[in-house]
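Participant: Could you have a look at this structure, given as C-alpha cells, before my questions?
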Amino acid sequence: MQKETVTVENLPLRERPIDIFFMIVFSVFIVTSCIADMVPTLGIDFNEPSSNFIVNANYWYAEGTDPLFQNPPVWMRIVTGLSAFVYMPFYIILVIAFARGWNKIQLPSVIYATMISAITGIIVFGVEFFGEQEWRTPNPVKFLSFNLPYVLLPLLLLVRMRKPLPFTRKF
C-alpha cells in the first residue's frame, strides 16, 4: 500500500501581510548594514563630523549615545563585520524568500534570529548598560530606539518561523 502525499500550497504574498512587513523591515536592515556597520568594521574614524554622508550619519548616531560603537574594540568590529558581511547578504536572500515563499528559509531564519538576538540583545546591550563605564550608553532612549528593533524583529521572525512550511499560513 502506497502512502498518499498531500501537498500544501503557499498562500499568495498578498494574503501574508506580516511577510510584506518583514520584507520592508529587512530591506531597511540591508541599508543600515551598509551605512552603519561597514564604517566601524573597516576602521573608518567617525569621531568628528564629516562632509561624507555615511561617516556623518554614524557620527550623529554615536556621539553621546554609543561609545562602544564609536570606538569599537576588536570584538565589536567583529560584531559589526558580521552584520555588514554576513547578515546583510542574508537579508537580501530573506527578502527574496518572503516574496517568493521559499519555505526552506525557515532553518536559516531561526539560526539568524537566535544569533543576532543573542549577540545584540545579550552581549552588546549588556556592555552598553552594565559593562565598563567607558562603554556604557549615556543616552539609553536614543540607543534603544535605534538598536531595539534589531533584537525585537528577529524575535518576531523566530515566532513567524516556529512551524514548518511558514508560507502556507498567515502567521
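Participant: What does the convex hull of the alpha-carbon atoms of segment 51-114 project to on average, in nm²?
Facilitator: Over every viewing direction, the Cα hull of segment 51-114 projects on average to 5.9 nm².
Participant: Show me the three semi-axes of the equivalent ellipsoid for segment 79-171, from the C-alpha gyration tensor (sqrt of 5 times each eigenvalue), largest first, rounded to whole Å.
Facilitator: Rounded to whole Å, the semi-axes are 29, 13, 11.
Participant: Also, quick follow-up: Report, in debye and to the nearest 20, how large the dipole of segment 15-168 comes out about its Cα centre when Lys and Arg carry +1 and Asp and Glu carry -1 on their Cβ.
Facilitator: Dipole of segment 15-168, to the nearest 20 debye: 800 debye.
Participant: Viscosity 1.306 mPa s, temperature 10 °C: what is the translational diffusion coefficient of segment 1-43 from Stokes-Einstein with a Kirkwood Rh over Cα pairs, rounded to a whole number of µm²/s?
Facilitator: Diffusion coefficient, whole number: 114 µm²/s.
Participant: Treating the chain as a set of equal point scatterers at the Cα positions, no solvent, please give the Debye-formula log₁₀ I(q)/I(0) at q = 0.11, 0.12, 0.14, 0.19 Å⁻¹.
Facilitator: Taken in order of the listed q values, log10 I(q)/I(0) reads -0.52, -0.60, -0.76, -1.19.
Participant: Right, another one. In whole angstrom, how far apart do the alpha carbon centroids of segment 66-105 and segment 22-45 sit?
Facilitator: Answer, in whole Å: 8.
Participant: Here's something else I'd like to know. Helix-only estimate, please: 222 nm mean residue ellipticity of the chain, summing -39500 (n - 2.57) across DSSP H runs of length 4 or more and dividing by its residues, to the nearest 500.
Facilitator: -16000 deg cm²/dmol
Taken together, the values in this text are just the output of simple stated rules run on the coordinates, not laboratory data. If you're wondering where the values come from, they're calculated on a predicted model, not measured in any experiment. No Cβ is skipped: glycine too gets one built from the backbone with ideal geometry, and neighbour counts run over all protein chains shown.
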